[in-house]
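The values are calculated or read from the model by the stated rules, or taken from the named source; none is laboratory data. Everything numeric here is computed off the predicted structure, so don't read it as measured data. Note that we place each Cβ from the backbone using ideal geometry, even for glycine, and neighbour counts take in every protein chain shown. The accessibility values were calculated without ligands, DNA or RNA, using every heavy atom of the protein model including side chains. Shrake-Rupley method; radii C 1.70, N 1.55, O 1.52, S 1.80 Å.
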Amino acid sequence: MLDEDDTDTEQMRWYYYLLLSVVDVEANFLVVKAYQYTSLTSVMLLDCWSIPSVIFLTWLFLKTKYRLRKFAGVAICVAGLVLVVFSDVHSNDRGGGPKPLKGDMLVIGGSMLYAISNVSEEFLVKNGDRVELMAMLGIFGAVVSGCQISFLERNELRSVHWTTGAVLPFVGFALAMFLFYSTVPVILKISGSTMLNLSLLTSDMWAVLIRIFAYHEKVDWMYFIAFGAVAVGLVVYSGGDKDQGESTLHVSEISHEVEKEMDEEAAIRDPARGSSTVVENINSSTGNGKYPITVEK
């Protein structure tokens, strides 16, 4: 017979996914909208606000512990991005924007929503079903995006001339976002939301390579130093995970051995209790007591 939990196919309530979809859609909308008002340099710099936001939220709600090595890796990554900003200033390759203060506020708001979205996804991935998260987030995200376009951007949508040159960038962007959101739950389950946001810092570096090879533009030499700094920061941040995992496994093995010895000593002192302890141990090894085996002394 199936348990009651096995018949329930929905791991989380649907309205959690709806709220998460609204937060994720608005985060993307605010950051993209900010390019209309402020400079690319400001967006690249202020978008880093999602990293301390993620660290604070994971520490507060997910009880994630961060060592000094983790903070050192974050600092190196952010330093690499600051080098990118200085490179833009050095090469005078930036624009001021018509309303820089409004654009900066949009970026900060979008970064905070990104942090809330990533931490929420990490919680859902580690406590629910990854496939369900991807399906529900895609469905509700499409509905929220469609409603927002119909109310806020219908005039811009009407003004688009749907030629081949206009359609192909939309198709490419849709494919890129599909691949991105398909791999994000996997990364969140393996490495967490902080590692995800640090890894996304390399997107600015890959944009530099596209500028060099696709558009044949010249970039400042500081870009390459910044790329190396971000790579080193990621290695420093993720370097202690293996040792920490091995130490945790070692501690759990020691605890299991101690509990086993205590049960054996209790069985010697109390034969009746020892018989029940043996039964409990066998039940736990055969599926949490679903298929009990009786052992007689």
* Of the listed peptides 221-234, 110-123, what is their order by residue-averaged count of other C-beta atoms within 10 Å, with the highest listed first? -> 110-123, 221-234
* Which entries of 33/218; 102/189; 63/126 show an alpha-carbon separation above 25 angstrom in the structure shown? -> 33/218; 102/189
* To do: Output the peptides 173-186, 148-161, 27-40 sorted from most to least packed, where packing is the average of other Cβ atoms within 10 Å over each peptide's residues.
  => 27-40, 173-186, 148-161
* With all protein chains present, calculate the accessible area of residue 99 using a 1.4 Å probe and round the result to the nearest 10 Å². => 110 Å²
* Take the alpha carbon gyration tensor of segment 128-179, find the square roots of its eigenvalues, order them as a ≥ b ≥ c, and report rounded if a/c is under 1.5; if not, report prolate when a/b exceeds b/c, else oblate. => oblate
* To do: Any chance you could run the full-extension gain for residue 214 through residue 177? It's 0.36 nm times the residue separation minus the Cα-Cα distance, nm to one decimal.
  => 11.3 nm
* Which length gain, in nm to one decimal place, applies between residue 224 and residue 199 when the Cα-Cα distance is subtracted from 0.36 nm times their residue separation? -> 7.4 nm
* For segment 129-244, rounded, prolate or oblate, judged on the Cα gyration tensor with a ≥ b ≥ c (square roots of eigenvalues), a/c < 1.5 rounded, else prolate if a/b > b/c? -> oblate
* Using 0.36 nm per residue, how much length does the chain from residue 190 to residue 152 gain when fully extended, once their Cα-Cα distance is taken away? -> 10.0 nm
